[in-house]
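Structure, as structure tokens:
The values are calculated or read from the model by the stated rules, or taken from the named source; none is laboratory data. Values in this document were obtained by computation on a predicted structure and should not be read as measured data. Note: ideal-geometry Cβ built from the backbone for every residue, glycine included; neighbour counts use all protein chains shown. The area values use the complete protein model at the heavy-atom level, side chains included, leaving out ligands, DNA and RNA. Shrake-Rupley method; radii C 1.70, N 1.55, O 1.52, S 1.80 Å.
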Amino acid sequence: MMNNYLLSVENLKKLGLIHQNTDTKILSVAIRRSQDINVQPALGSPLYRALLQRVATNTWNPNYLTLMNDYVVPCLVAYVDYRCALLLNEKLTNKSVGRVGDENIQANNTPDTYVFRDQLLKDAQFYKERLIGYLMDDNGDHFPEYIDCCGSPNGSPALCHTNVTKDKTGYSPLQWIV
């Protein structure tokens, strides 16, 4: 699969809650994981690959541009915000895993972090639910890749094993444990 991102770090910083001085490397990892883990199951693998291809080639028609700008990007930004609310507070080194500190900001305690992440998760799930609803309402009219799967006449058998299970809803019963 292409190594593209659906969202640049620069646009993430403009559209999300993440501060401008946040480490680009960490944000790139968070974008990649969020798009693979949260957005790909919402889109389905064929549509996900089609969007990655459109990003790589910069070939957009009005329908795909609306899908991307109004549904995919808000969902992805919300999931990256959610992921980073914990990720940016922790540091993995060769000696330990620990909290990062700064003299200009006081880190939340664990209960405050979980309250904040819970709200971010609710936001992310809302945008994912909206994205899935938009695609389900479209019923493959503008986005045939959404209904393209191994069992369909248009499905590509060569890619069947690379497909992730498609989410039917944006809400998951358990995302993280306190």
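Checking each residue in the range 2-59 for being of a type in the set (Ser, Thr, Tyr) and assigned to a helix (DSSP H, G or I) picks out THR24, SER28, SER34, SER45, TYR48, THR57.
Scanning the range 9-27 for residues that are modelled with pLDDT of 95 or more and either open to solvent by 60 Å² or more (accessible area, probe 1.4 Å) or more than 14 Å from ASP81 (Cβ to Cβ) (or both) yields a total of 4. Six or more apart or on different chains, Cβ under 9 Å: which pairs go from a residue in the range 125-138 that's more than 21 Å from ASP81 (Cβ to Cβ) to one that's among the hydrophobic types (A, V, I, L, M, F, W, C) and buried (at least 22 other Cβ atoms within 10 Å of the Cβ)? Could you list them? Going by the 9 Å Cβ cut-off, the qualifying pairs are LEU135/ALA42; LEU135/LEU43; LEU135/LEU47; LEU135/LEU67; ASP138/LEU67. Taking the condition of being open to solvent by less than 20 Å² (accessible area, probe 1.4 Å) and β-branched (Val, Ile, Thr), how many residues in the range 55-72 meet it? Count: 1.
For beta carbons closer than 9 Å, sequence separation of 6+ or different chains, a first residue in the range 38-52 that is under 14 Å from GLY140 (Cα atoms) and touching a residue at least 40 places away in the same chain (Cβ under 8 Å) and a second that is of a type in the set (Gly, Ala, Ser) and open to solvent by 10 Å² or more (accessible area, probe 1.4 Å), the qualifying pairs are LEU43/ALA50; PRO46/GLY155; PRO46/SER156. Just so you know, in the range 82-99 the residues that are in contact with a Ser or Thr (Cβ under 9 Å, 6 or more places away or on another chain) and in a helix (DSSP H, G or I) include one that is modelled with the lowest pLDDT, and it is LEU86.
Working only within the range 139-168, note down all residues that are modelled with pLDDT of 75 or more, surrounded by 12 or more Cβ atoms within 10 Å (Cβ to Cβ) and touching a helix residue (DSSP H, G or I) at 6+ places or on another chain (Cβ under 7 Å).
Initial filter on the range 139-168 (modelled with pLDDT of 75 or more): 139-147, 164-168.
Of the ones still in play, those that are also surrounded by 12 or more Cβ atoms within 10 Å (Cβ to Cβ) are 140, 142-147, 164, 166-167.
If the condition is that a residue be modelled with pLDDT of 75 or more, surrounded by 12 or more Cβ atoms within 10 Å (Cβ to Cβ) and touching a helix residue (DSSP H, G or I) at 6+ places or on another chain (Cβ under 7 Å), then GLY140, HIS142, PHE143, GLU145, TYR146, VAL164, LYS166, ASP167 are the ones that fit.
For (1) charged (D, E, K, R); (2) touching a residue at least 40 places away in the same chain (Cβ under 8 Å); (3) in contact with an Asp or Glu (Cβ under 8 Å, 6 or more places away or on another chain), each residue gets a yes or a no:
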{"residue": "VAL9", "(1), (2), (3)": "no, no, no"}
{"residue": "LEU15", "(1), (2), (3)": "no, yes, no"}
{"residue": "ASN21", "(1), (2), (3)": "no, no, no"}
{"residue": "GLN35", "(1), (2), (3)": "no, yes, no"}
{"residue": "ARG54", "(1), (2), (3)": "yes, no, no"}
